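Colleague: Okay, handing you the structure first.
The values are calculated or read from the model by the stated rules, or taken from the named source; none is laboratory data. Predicted, not measured: the structure shown is a model, and the values here were computed from it. Don't worry about glycine lacking a Cβ; one is built from the backbone with ideal geometry, like all the others, and counts go over all protein chains shown. Calculation scope for accessible area: heavy atoms of the full protein, side chains included, ligands and nucleic acids excluded. Shrake-Rupley method; radii C 1.70, N 1.55, O 1.52, S 1.80 Å.
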Amino acid sequence: MNIDSKVRPKATHIKFDWILTVILILALFLYGWQIWKAGSANAFYTAAIKSMTESFKNFWYGSFDPAGYITVDKPPIALWFMAISAKIFGLHGWSVVLPSVLFGVGSVYLMFRLVAPYFGKIAGHLAALAMTLTPIVVADSRTNNMDATLIFFLLLGLFLLEKAVKSKKGLPLLTSFALIGIAFNVKMLQAFMILPAMYLFYWLTANEKWQQKLKKLTFATVSLLIFTLALPLSTDMTSAKDRPYIGGSQTNSLMELAFGYNGTERLLGQTTGTGGTFGGGMNSKKGQPTIAKGQKRPANMKSVKNGNKNIPAIPGGKRQKGGPGKAGIGGGAFDIGSIGPFRLFQSSLGPQISWLLPFAIIGLIGGLVFYRDRRKRWYSLTHKQKQLILWTSWLVPVYGFFSVASFFHPYYTIMLAPPIAALFGIGVTALSQLFNQRGRSSWQFYLLPIAIVATAALQSWYVHAYYPWLTWIILGVAIIISVSLVSLASHPITKPLLISGLLTILIAPAWWSLTPTIAAESAMIPTAGPSLLTSNQNGSGMGGGMGNNQVNSKMLSYLKKNQGIAKYLFATSDSTTAAPYIIKTGKAVMAMGGFNGTDPAITLKEFKQLVRTGQLKYYYDSGKSGNSAIINWIKKHATKVKTNLYQESSTKTSNRLTGQPSSQALGNHRFSNPGGQGTTPAAGKKGTNQTSNWSKK
């Protein structure tokens, strides 16, 4: 007798889900293929990642520069993962993008795990596939922005919330809300958009007395607050002398950054953090950025040129004109359409996120009808209806925000991808069941063909700008399939017809999703669309026209040779100009005013002290607005570095830099203003090709 056979535990067989595996491989391909061509990706964050690998202090605060002068304009948690990756693999475009790729694939897996247990594997597979093929999800997952990380933590929070409902245990609930607190420290108030859904879902779904629910939700809220506020409060309570200035804030406060620049200003379109560079609004007559209330337009503010294209460029969409109701600069980085309830269907944002939105909405209606218990009153919700309410409660507030907000980038709409994907997967299952179980006399019978045609009609409008011939194919095939479904109801052919209908409405978003992968895009302003295939982005860059990543090698050589014991290689007004030089050299470059040059991170007195003590010798004029007091002082006291010492011989005349007025003695130290590629004329003598420097005569 074999004794082992008595004590050996039974083998547990895990059924291999090959469909989910294929979807995950597809996601890995779309998100990860050609990331080795990412270049600097989002150079603003890549420079910070480079700086964060230099010291733990820089790592903890998310310092933009190696000297720990100023942070980026977001919390550091997402950057922590990227900095760890860069520390392990070295600083490369692919190493800083890799965490986003993995978080993106993880989000696809979580979509399946959130939908399949309640609506079946088919619904779970379709939800995961819809998530994978959402164009802006692909674009966001291919860059080192925070959005892919944010979505993963939000979905993980929901996953644990579901566990808390099932188990009736408090720990999963506390952890769920703690994860939203962590997500807050990924991208601040954007994470809180799903809190109404979480509170409502737990209250409706938990099989407990209301007193117990209230008690648990109170503790969950405490957990949320602890993990939300621990980092911001500890940062703000640290002496300003012992940490970097908080980039994007006006009071050197992470809390102010959260509720100001990354909070109310996004909704209201105010521009405290961005000054006159972006403005958050559009002058419909001239197409120029507006200036925040109380600010003066810089004297040297001019239109920026980038080669032969006006900035902002539009890598993912058609070039559009500004007009009334436009929020943001028309095109790419700020082309967010006209405020209103149908903004997300407009051509500005729709091709990034809304391909399956009509089906999701109609699927929601069908799901609420199909999954109700007819034996009970209409307001008695089944568990599946409560699941639908969870996703609806995510969709509606976020949809409402993007419908009225005045200052955001199109890639922020990734926040809508999970609820749209979930409602699409659930909707296909519910609508097909209604179609099979209801006769032609019931209005519910027609929801499936209506969903296919409505979705195809919207998609036909989106593709018309690029492929007019495809417009009629998508719409025509969808109509034929829908009519056939109605005519041949109850016939065995309806199943392949349904599959054909779904493929019809997945082709266009799949192609849009493929374009960032083909173009090897890893841009500052990620986007998707056929125009990527004809643009000159070459993978990395400032997609959306927010600057350039070029380094003036001759100027860099001159600065390194003459830096001496100075702490900073040079100073400039903004982070976008400084980033390529930090990435290239690992040296400290002072971005005086943060991302756009308008943060009050340094006073004139402090600036003079740096010059006087020899910590700062050179100033690089990027042509962007900045601290007017410091810039005026530079104009008064700077002399010019000879052009042939810093300017590349190949520099085009459209990139000329005018110098500043003549210098005066500044102790024993020289302070220079070398210009270079990618700059625009500043105030001074127009038409000259010179730079300026300070030196004692």
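Colleague: What figure, in Å² to the nearest 10, do you get for the accessible area of residue 524 with a 1.4 Å probe and non-protein molecules left out?
Modeller: Looks like 10 Å² after rounding.
Colleague: Using the Cβ atoms and a cut-off under 9 Å, what net charge is assigned to the surroundings of residue 411, where Lys and Arg are +1 and Asp and Glu are -1?
Modeller: -2
Colleague: Restricting things to Cα coordinates, could you compute the convex hull volume per residue of the stretch 343-523 in Å³?
Modeller: Cα-based convex hull of the stretch 343-523, divided per residue, equals 129 Å³.
Colleague: Over the stretch 146-237, what percent of the accessible surface lies on carbon and sulfur atoms, probe 1.4 Å?
Modeller: Answer for the stretch 146-237: carbon and sulfur cover 75 percent of the accessible area.
Colleague: Using a 1.4 angstrom probe, figure out how much accessible area the stretch 553-646 has per residue, in square angstrom, rounded to the nearest whole.
Modeller: 37 Å²
Colleague: Round to a whole angstrom and tell me the spacing of the C-alpha centers of the stretch 469-533 and the stretch 125-163.
Modeller: 21 Å
Colleague: With a probe of 1.4 Å, find how much accessible area the stretch 343-523 has per residue, and write the answer as a whole number in Å².
Modeller: Accessible area per residue, the stretch 343-523: 37 Å².
Colleague: Continuing with this model, one more query. Within the set of other residues whose C-beta is less than 14 Å from the C-beta of residue 524, count the net charge using Lys and Arg as +1 and Asp and Glu as -1.
Modeller: -3
Colleague: Between residue 606 and residue 396, what's the calculated FRET efficiency when r is the beta-carbon distance and R0 is 41 Å? Round to 0.05.
Modeller: Between residue 606 and residue 396 the formula returns 0.30.
Colleague: Then there is this: Note down the magnitude of the dipole of the stretch 146-237 about its Cα centre, charges +1 on Lys and Arg C-beta and -1 on Asp and Glu C-beta and zero elsewhere, to the nearest 20 debye.
Modeller: 480 debye
Colleague: With a 1.4 Å probe and all protein chains left in place, how much accessible area per residue does the stretch 146-237 have, in Å²?
Modeller: 40 Å²
Colleague: Could you give the length gained by full extension between residue 166 and residue 585, i.e. 0.36 nm per residue of separation minus their alpha carbon distance, to one decimal place?
Modeller: Taking 0.36 nm per residue and subtracting the Cα distance, the gain is 145.5 nm.
Colleague: Let me ask you something else. Along the charge dipole of the stretch 343-523, Cβ charges K/R +1 and D/E -1, which of 460, 504, 428 sits furthest on the positive end?
Modeller: The residue sitting farthest along the positive end of the dipole is 428.
Colleague: Follow-up question, since we're still on this one. Hey, what D do you get for the stretch 553-646 in µm²/s if you plug the Kirkwood alpha-carbon radius into Stokes-Einstein at 25 °C and 0.890 mPa s?
Modeller: 183 µm²/s
Colleague: Out of every Cα-Cα pair in the stretch 146-237, what percent are more than 17 Å apart?
Modeller: 45 percent
Colleague: Same structure, new question: Which of the listed residues, 202, 230, 177, is farthest toward the dipole's positive end in the stretch 146-237, when Lys, Arg count +1 and Asp, Glu count -1 at the beta-carbon?
Modeller: 202
Colleague: Report, ordered by chain and residue number, the aspartates and glutamates lying within cross-link reach of residue 636, taken as a straight Cα distance under 15 Å and ignoring same-chain residues fewer than 8 apart.
Modeller: Candidates past the 8-residue exclusion: 621.
Colleague: To the nearest 20 debye, what is the magnitude of the charge dipole of the stretch 124-199 about its Cα centre, counting +1 on the Cβ of each Lys and Arg and -1 on the Cβ of each Asp and Glu?
Modeller: 300 debye
Colleague: On the protein heavy atoms, probe 1.4 angstrom, tell me the percent of accessible surface of the stretch 547-647 carried by carbon and sulfur.
Modeller: The C+S portion of the solvent-accessible surface of the stretch 547-647 is 51 percent.
Colleague: Using the structure shown, select from 213/376; 560/608; 187/554; 187/617; 37/561; 166/376 the pairs with a Cα to Cα distance greater than 28 angstrom.
Modeller: Result: 187/554; 187/617; 37/561 exceed 28 Å.
Colleague: Work out the length of the dipole vector of the stretch 343-523 about its Cα centre, built from +1 on the beta-carbon of each Lys and Arg and -1 on the beta-carbon of each Asp and Glu, and round it to the nearest 20 debye.
Modeller: 920 debye
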